Amino acid sequence: MRLVLGAELQNGKSNSAKHSLPGLMAILERLLPHQRPKLVRADCAFGNETLMKELEEIDQPYLFKLKQSVNVKKLVQKHWGRDAWCNVGQGWQAREDQLQLMGWSQSRRVIVLRRQIKGELLVETKSRGRGKKSQLHTGNKVTQHCLAFIDHNETVKLYEYAVLVTNSHYNTAAMGQLYRDRADCENGFDELKNQWGWGGFCTQDIERCNLTAQTVALVYNWWSWYCRLAHPKARLEAISSRPLLLAAVGKLTQHAGQKKLLLTMTHAATSHVKGLVANVQAGLKNKATYFVGGPEIYRFEN
């Protein structure tokens, strides 16, 4: 289930990590401890002392990626030649350590991830000329900057590295998949922008834009509930579910104090659509409806 708990529009000059913190904390503080998410996950823009300290004060677990600063690279240098790496899936390996960067109020748990590279490392070269920034030239695959402490030759295995910081109690072996799952969460934002119109309006009136963004989020939530009720085993994407479930002509009739909605299907998969609509009908008719899907039982309440 993907639901938008809140939407607040900022101007383009606002930093996402800094300006989204008050809204994030407001949502978390409204929830009881057992209602809060298991993890707050984000990329390296959110892995800073201000955000982590706020979450630690309310005992909210988090999992962030760290920028490859000088001290983070020293941490990678400390571990790159060691053995006993833990397998975390999809070719990634991990080691756990403690790290306190400059500006941090305390030492925190970090997870060093690495994956062997099949192509070439990303090489950084500086361009000549005044006012020009350094340019990046890539090989077969774009990965990351070459690490100066590694002897890059044919006999050395090349790895790309990532460093995560967390205060959760999940074991090291689970960290790789937990962070990879963040990409699936971001599919919701991709769907909101491309399928629901979050990226399709722009005016100079920030309040009007804010209201429009919240309205889009509300309709998105309604459709998410509807599709989850129609197909409880898995979530349906908007790009496929809307043509499937909206391909019908409806006629509302009223007789003897009763209202009847007649749907005439126009989609080729009529039998499949009828089954989905029957699930919605059963869910709306009963206060608590149970759906059995494999080993799991799904319950929906009005």
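The values are calculated or read from the model by the stated rules, or taken from the named source; none is laboratory data. Being a predicted model, the structure only gives us computed values, none of them experimental. Every residue, glycine among them, receives a Cβ derived from its backbone with ideal geometry; neighbour counts consider all protein chains shown.
Conditions (1) farther than 21 Å from SER240 by Cβ; (2) small (Gly, Ala, Ser); (3) under 20 Å from the mean Cα position of the chain (by Cα), marked per residue:
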residue	(1), (2), (3)
ALA174	yes, yes, yes
PHE201	yes, no, no
TYR220	no, no, yes
SER224	no, yes, yes
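What are the residues in the range 195-215 that are in a helix (DSSP H, G or I) and either touching a helix residue (DSSP H, G or I) at 6+ places or on another chain (Cβ under 6 Å) or touching a residue at least 12 places away in the same chain (Cβ under 8 Å) (or both), if any? It would help to see each step written out before you state the result.
Step one: of the range 195-215, the residues in a helix (DSSP H, G or I) are 206-215.
Result: ILE206, CYS209, ASN210, ALA213, GLN214.
Looking at the range 156-173, is at least one residue modelled with pLDDT of 90 or more and assigned to a helix (DSSP H, G or I)? Scanning the range 156-173 turns up at least one residue that is modelled with pLDDT of 90 or more and assigned to a helix (DSSP H, G or I). For the range 165-183, the set of residues classified as in contact with a Gly (Cβ under 6 Å, 6 or more places away or on another chain) and of a type outside the set (A, V, I, L, M) consists of GLY176, GLN177, listed by residue number.
Taking the stated definitions as given, is LEU229 in contact with a Phe, Trp or Tyr (Cβ under 6 Å, 6 or more places away or on another chain), closer than 24 Å to ASN279 by Cα and part of a helix (DSSP H, G or I)?
Numbers: in contact with a Phe, Trp or Tyr (Cβ under 6 Å, 6 or more places away or on another chain): yes; closer than 24 Å to ASN279 by Cα: yes; part of a helix (DSSP H, G or I): yes.
Yes; evaluated as a whole, the condition is true for this residue.
Taking the range 229-246 as the range and being among the basic types (Lys, Arg) and more than 17 Å from HIS267 (Cα to Cα) as the test, the residues that pass are LYS233, ARG235. Scanning the range 152-164 finds one or more residues that are surrounded by fewer than 17 Cβ atoms within 10 Å (Cβ to Cβ), of a type in the set (Val, Ile, Thr) and in the same structural domain as LYS118 (by TED's automatic domain parsing). Can you name every residue in the range 245-255 that is modelled with pLDDT of 90 or more and aliphatic (A, V, I, L, M)? Result: LEU252, single match.
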